[in-house]
Every structure is written in C-alpha cells, then in structure tokens.
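Remarks on the structure that follows.
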Amino acid sequence: MPQYMLSVFMVDGDEIPAEDYPQIFKDVDVINEEIKAKGAWVFAGGLHPADTATVVKAKDGDVVTTDGPFAETKEQLGGFWVIKADDLDAALEWAGRASAACRGHVEVRPFQDEPEA
C-alpha cells in the first residue's frame, strides 16, 4: 500500500494562542487514534521550533554545522504523519482531518516506490 507524508507547516507570525494548545493536543490525539484504528498509521511526530534546528553539510571530507533552519522562509515544518493509504484521495481525506486537528497547513506527498529486487 502506498505511503504518504502529511507535513504540517507553521507560519511565522501566525501564532496560535497558548490557551488553544490543550485542545489542539486532544484533537491530534483523536486523529492519531483514528489513523491507528484504520490501519493507516506508520509514524508521526511534532517538532520543536525551527530555530532549534542544526544544518549539517558534508563537502570534500569536511563536515560543517550551522545553527538554525536550512530554509530562510516564514513557513517551516512543524510536524508530520507518515500514513498508508489506498490512493491520493484517501491521503487527502486524512490530511483534511489532520489540518483541522492541528490548525495548520498540511502538505501531502507520496513516498517513492521501492525498486523491484
């Protein structure tokens, strides 16, 4: 069955009020349990803010690390689900529910197929 990544994007400046977080966490827990119950669960996780990131680049035998996110943009990855779904339409349905639960934009992308052995 194909796998899809549902990426949750947060936008700098679109701050969610702190008092909304307990309900968001409950809503995300509900959708997580629904995804598991339907057998679509692979993995999921929320991320700390982008300013906690470290970028690693190996070049010519040297490894350089820099603080902060790789992309210099207002939109940053905030979390994700990896799910199994019959097709894109099914993945989009889960993404709509995930977006409502986490109050964020959700991008849906299929994983590449594994090469035949």
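Numerical summary
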item	result
Of residues in region 101-112 being surrounded by 11 or more Cβ atoms within 10 Å (Cβ to Cβ) and part of a loop (DSSP other than H, G, I, E, B), the one modelled with the highest pLDDT	Phe111
Pair list, Cβ < 8 Å and 6+ apart or interchain, from region 63-88 residues that are farther than 16 Å from Ser7 by Cβ and touching a residue at least 12 places away in the same chain (Cβ under 8 Å) to residues that are of a type in the set (Lys, Arg) and exposed (fewer than 13 other Cβ atoms within 10 Å of the Cβ)	Thr66/Lys57
Conditions (1) more than 28 Å from Ala53 (Cβ to Cβ); (2) at pLDDT 95 or above: number failed by Val82	(1)
Of the criteria (1) more than 14 Å from the chain's Cα centre (by Cα); (2) among the aliphatic types (A, V, I, L, M); (3) assigned to a strand (DSSP E or B), which one Ile35 fails	(3)
Count of region 1-51 residues which are surrounded by 11 or more Cβ atoms within 10 Å (Cβ to Cβ), closer than 18 Å to Glu107 by Cβ and out of contact with any helix residue (DSSP H, G or I) (no Cβ under 6 Å at 6 or more places or on another chain)	16
Selection status of Val11, within 18 Å of the chain's Cα centre (by Cα), modelled with pLDDT under 95 and among the aliphatic types (A, V, I, L, M)	yes
Of all residues in region 17-49 being in contact with a strand residue (DSSP E or B) (Cβ under 6 Å, 6 or more places away or on another chain) and touching a residue at least 40 places away in the same chain (Cβ under 8 Å), the one that is farthest from Val82 (Cα to Cα)	Ile35
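The values are calculated or read from the model by the stated rules, or taken from the named source; none is laboratory data. Just so it is clear, the model here is predicted, and its values are computed rather than measured. Because the Cβ atoms are built from the backbone with ideal geometry, glycine has one as well, and the counts that use them run over all protein chains shown.
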